[in-house]
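Shown next, in structure tokens, is the structure this report addresses.
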Amino acid sequence: MNTQLNFIGQIRTPYQSIEQCPNNISFTGPLCRIEINDELVSELIGLHQNQQILILYWLGQSEEPAGFQCVGSEQQAGTFAMRTPFRPNPIGAAVLPIEKIEGTTIEVRGLDCLDLTKLIDIKPAIFNERFKESLSLSKNPPSKEGGFDEAPSKGADFYSRFSWLRSISFSTFS
């Protein structure tokens, strides 16, 4: 098994130092560019504007040890409860919608990493598909033949009792 990371590109942000970086992603933050290596351009096929993607990036070698940090006047939180770059494995993650795709560049807003951060991977944000799929299955359960039957009458299942879930904006959970 090969445990080597292969960076697939880099991320361009306006931040030159950790002090400039925000503490979290921001949907209204500055435009950031994810630049994919040229040989991987065909791997962008299937991605589209407004699609939520999971962006994994390398935060580099931390000079500070991981461990408890103050997050308020008297509160402490462990590394795994925060988005700190000071981690045992310095991997950053963000789920953001695609603003634009052009050539080998994906534009998103509000990443919380330094300029020229190495890109590990991009994946579709699967919480959208899983959540939508589970709602779809509860509305139209598969028939014995493998297809989907008509939805049961109102009030008879989870989906109809919680129809307000259909109006949730997924971008609020990213």
Of all residues in the stretch 21-57, how many are free of Cβ contacts under 8 Å to residues at least 12 places away in the same chain and either of a type in the set (K, R) or part of a loop (DSSP other than H, G, I, E, B) (or both)?
2
Of the conditions (1) among the hydroxyl-bearing types (S, T, Y); (2) within 18 Å of the chain's Cα centre (by Cα); (3) under 19 Å from T117 (Cβ atoms), Y15 fails just one. Which one is it?
(2)
Just checking, how many residues over the stretch 1-57 are among the β-branched types (V, I, T), open to solvent by 50 Å² or more (accessible area, probe 1.4 Å) and either out of contact with any Ser or Thr (no Cβ under 6 Å at 6 or more places or on another chain) or under 11 Å from G110 (Cα atoms) (or both)?
4
Residue satisfying all of: in the stretch 1-25; touching a strand residue (DSSP E or B) at 6+ places or on another chain (Cβ under 7 Å) and polar (S, T, N, Q); nearest to L59 (Cα to Cα) among these
Q10
Within the group E107, E64, E74, which residue is on the phi < 0 side of the Ramachandran plot, at pLDDT 95 or above and of a type in the set (D, E)?
E107
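The values are calculated or read from the model by the stated rules, or taken from the named source; none is laboratory data. Since the model is a prediction, treat every value here as computed from it, not as a measurement. Positions of Cβ are generated from backbone atoms using ideal geometry, with glycine treated the same way; all protein chains shown enter the neighbour counts. To get the accessible areas, we keep the full protein, side chains included, count just its heavy atoms, and leave off ligands, DNA and RNA. Shrake-Rupley method; radii C 1.70, N 1.55, O 1.52, S 1.80 Å.
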